[in-house]
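For reference, the structure is listed below as structure tokens.
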Amino acid sequence: MPHPLVSVILPVYNGARFLRDAVESARGQRYEPLEIVIVDDGSTDDTKEVAASLGGEISYVHQQNAGPPAARNTGLRMARGPLIGFLDADDLWTQGKLALQVARLMDEPSVDVVLGYTQVVYVGTQHEAHRGRPLPPPGPALVLGAALFRRSSFERVGVLDETLRYSDDVDWFLRAKERGVSLRIHEDIVLLYRRHDRNLTSQKDLDRSLVSMLKKSLDRRRRAGGGTVQPFARWVEPQER
């Protein structure tokens, strides 16, 4: 049977220096059919020119700056594939990410989302600041770029929350958990999360946002009469060895 079309949604804001590498990491998957949707969220650097130089199976749209969740939602509206992947302009997919995750979804029709491991890496001044220190161990972080989704999961859960400045991905995964979305986690490293001097979020921002997202999820489940709330961490433990 032919492979399903995978739509890669790639939001970017003033990320011209990273964009080409991100696109090449998606193209380097050597998976077909593939479409790449670049959503330029109001960039003022050379993002448009870099995108125009890439050619191929790329769709490009520029919008007024509205934040990452809005850019991702624009990409979702444009995407044509039954399978959806996300890749931020400053991150990279590892080789074989798509082949691995598409196969898992095809092998398990009841699974809505597959999530691999994320490895943090440092670039530029961050690399210099962390030179000689061990990298954080890879793990199953709740980031969109490490997952592959059936389009139907967004029809079930909804799109990203555009009111959030940080952690819209964590919020989506929490809502997915509440709605009984089936998630399969595997230990393969599929995403290189690059830390650099232009990251929108610091670790403190992320920690604060995670606490807020968890509280919102707990409140929603209590209002819905969900009874005892199981620790969310159980959902993100590795399910395969």
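Odds and ends about this structure:
- Residues in segment 50-61 that are surrounded by fewer than 21 Cβ atoms within 10 Å (Cβ to Cβ) and small (Gly, Ala, Ser): 52, 53, 55, 56, 59.
- Scanning segment 21-49 for residues that are in contact with an Asp or Glu (Cβ under 7 Å, 6 or more places away or on another chain), farther than 18 Å from residue 194 by Cα and of a type in the set (A, V, I, L, M), we see that the one that is surrounded by the most Cβ atoms within 10 Å (Cβ to Cβ) is 36.
- Under the condition of being modelled with pLDDT under 75 and touching a Leu at 6+ places or on another chain (Cβ under 9 Å), the residues counted in segment 174-211 number 2.
- Selection from segment 29-77 of residues that are farther than 18 Å from residue 5 by Cβ and of a type in the set (Gly, Ala, Ser): 42, 43, 51, 52, 53, 55, 66, 67, 70, 71
- Residues of segment 6-32 that turn out to be in contact with a strand residue (DSSP E or B) (Cβ under 6 Å, 6 or more places away or on another chain) and among the polar types (S, T, N, Q), as a count: 2
- Among residues of segment 54-93, those that are small (Gly, Ala, Ser), touching a residue at least 12 places away in the same chain (Cβ under 8 Å) and farther than 24 Å from residue 143 by Cβ, counted: 1
Residues are listed down the side, and each one gets a yes or a no for (1) modelled with pLDDT under 95; (2) touching a Ser or Thr at 6+ places or on another chain (Cβ under 8 Å):
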{"site": "97", "(1), (2)": "no, no"}
{"site": "104", "(1), (2)": "no, no"}
{"site": "111", "(1), (2)": "no, yes"}
{"site": "115", "(1), (2)": "no, no"}
{"site": "118", "(1), (2)": "no, no"}
{"site": "126", "(1), (2)": "yes, no"}
{"site": "129", "(1), (2)": "yes, no"}
{"site": "138", "(1), (2)": "yes, yes"}
{"site": "145", "(1), (2)": "no, yes"}
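- Among residues of segment 134-158 that are farther than 18 Å from residue 90 by Cβ and free of Cβ contacts under 8 Å to residues at least 60 places away in the same chain, none has a Cβ under 7 angstrom from a residue that is part of a helix (DSSP H, G or I) and hydroxyl-bearing (Ser, Thr, Tyr) at a sequence gap of 6+ or on a separate chain.
- The residue that is surrounded by the most Cβ atoms within 10 Å (Cβ to Cβ), among those in segment 80-123 that are in contact with an Asp or Glu (Cβ under 7 Å, 6 or more places away or on another chain) and within 27 Å of residue 62 (Cα to Cα), is 92.
- Qualifying helices (runs of 4 or more DSSP H) (wholly inside segment 1-110; at least 2 residues being under 19 Å from the mean Cα position of the chain (by Cα)): 16-27, 68-78, 97-107
- Qualifying residue in segment 158-173 (condition: farther than 17 Å from residue 72 by Cβ and either of a type in the set (Gly, Ala, Ser) or modelled with pLDDT of 85 or more (or both)): no
- Matching residues, segment 133-161, being outside any helix (DSSP H, G or I), over 15 Å from the mean Cα position of the chain (by Cα) and under 25 Å from residue 80 (Cβ atoms): 158
- Test: residue in segment 78-86 that is of a type in the set (Phe, Trp, Tyr) and within 17 Å of residue 43 (Cβ to Cβ): no
The values are calculated or read from the model by the stated rules, or taken from the named source; none is laboratory data. All of these numbers come straight from a predicted model, not from anything done at the bench. Positions of Cβ are backbone-derived with ideal geometry, glycine not excepted, and every protein chain shown enters the neighbour counts.
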